[in-house]
Amino acid sequence: MSDSLTVGPTADPRRVRTQDGRVLTVPDGWALLPPGDAGLTRRVKAAGPTWTVVEKVGRKLFSRGVWAPEAHIVRARAVLDAERATPAYEKKLAAGRERRAREQEQYEVDFANSVLRFLAFSPAWLPHAKRLAVLVAAHATPVGSGTVARTERIPIERRAEAAVIAWMRHQTTTYDDMRIARVKGARREVRRELAEISRAVLDLHRRDVPHGPSACPLCTALVAPVKTRPDGA
């Protein structure tokens, strides 16, 4: 078979399952290229037929490597290794790192400003808004954080809102210490209820009506050490 396919693993390391349920044996002379080197994988796929192995775990798909003619893998790796050993390649890498750092810095600023716009605190509480924006952005924007701020599937305004509510859930409620029943939808319902409470707390700061900071969970959280977050929410 010469077609390139996306397949799933089986108990036999040299047999795979196609999307329509067929079980295929890996051709002789093929080897499995492990995941992790995107540049090498692209070259191997461009060289000819491949079988890309993916496995669904929960709702996520994980790459388990690419089956391809071993000669293609060896040749692509040799060419790529030679290119990566040149000064030009190192210069390209450095330029890429600098570009990504600039983009990340700009995104952090843009995200913090989006948080400020969502908060819309009254002038009396503006220092609180700025402090909260910094804290939320610091947690939510790092690359690889796995938070809603790193997704591009929704507008940045919605990302900012979701990130604030998540920060409030962990920093101003007892969510992390709750015992939640292992029933479908139970955790979602708890989060919904806590989100309503958090929105009510935020609303207090959108008006110039004073309130006692010592009795306000947000005011208290903004001057307390930030709690370690157990998840990426």
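The values are calculated or read from the model by the stated rules, or taken from the named source; none is laboratory data. These figures come from a predicted structure and were not determined experimentally. Counting neighbours? That spans all protein chains shown, and the Cβs are built from the backbone with ideal geometry, glycine included. Each accessible area value is taken on the protein alone, full model and side chains, heavy atoms only, with ligands, DNA and RNA left out. Shrake-Rupley method; radii C 1.70, N 1.55, O 1.52, S 1.80 Å.
For this structure, a couple of remarks:
- Those residues of the range 154-212 which are among the basic types (Lys, Arg), open to solvent by 70 Å² or more (accessible area, probe 1.4 Å) and in contact (Cβ under 8 Å) with a residue 40 or more places away in the chain, in sequence order: 206, 207
- Test: residue 143 is open to solvent by 90 Å² or more (accessible area, probe 1.4 Å), over 20 Å from residue 224 (Cα atoms), touching a residue at least 24 places away in the same chain (Cβ under 8 Å) and outside any helix (DSSP H, G or I): yes
- When residue 181 is tested against (1) farther than 13 Å from residue 115 by Cα; (2) part of a helix (DSSP H, G or I), just one condition goes unmet, and that condition is (2).
- Within the range 108-131, the set of residues being within 18 Å of residue 161 (Cβ to Cβ), out of contact with any Cys (no Cβ under 9 Å at 6 or more places or on another chain) and open to solvent by 40 Å² or more (accessible area, probe 1.4 Å) comprises 108, 109, 110, 113, 116, 117, 118, 120, 130, 131.
Residues are listed down the side, and each one gets a yes or a no for (1) modelled with pLDDT under 95; (2) within 22 Å of the chain's Cα centre (by Cα); (3) open to solvent by 80 Å² or more (accessible area, probe 1.4 Å); (4) of a type in the set (S, T, N, Q):
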site: 10; (1), (2), (3), (4): no, no, no, yes
site: 32; (1), (2), (3), (4): no, no, no, no
site: 40; (1), (2), (3), (4): no, no, no, no
site: 52; (1), (2), (3), (4): no, no, no, yes
site: 58; (1), (2), (3), (4): yes, yes, no, no
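- The residue that is farthest from residue 11 (Cα to Cα), counting only those in the range 22-55 that are assigned to a helix (DSSP H, G or I) and free of Cβ contacts under 8 Å to residues at least 12 places away in the same chain, is 46.
- Condition met for residue 164 (of a type in the set (A, V, I, L, M), within 14 Å of residue 115 (Cα to Cα) and within 23 Å of the chain's Cα centre (by Cα)): yes
- Options 22, 97: the member that is within 30 Å of residue 144 (Cβ to Cβ) and open to solvent by 90 Å² or more (accessible area, probe 1.4 Å): 97
- The one condition in (1) over 29 Å from the mean Cα position of the chain (by Cα); (2) part of a strand (DSSP E or B) that residue 63 fails to fulfil: (1)
- Unmet criterion (only one of (1) closer than 15 Å to residue 221 by Cβ; (2) surrounded by 19 or more Cβ atoms within 10 Å (Cβ to Cβ)) for residue 134: (2)
- Some residue of the range 67-78 being crowded, with 19+ Cβ neighbours inside 10 Å and over 19 Å from residue 40 (Cα atoms): no
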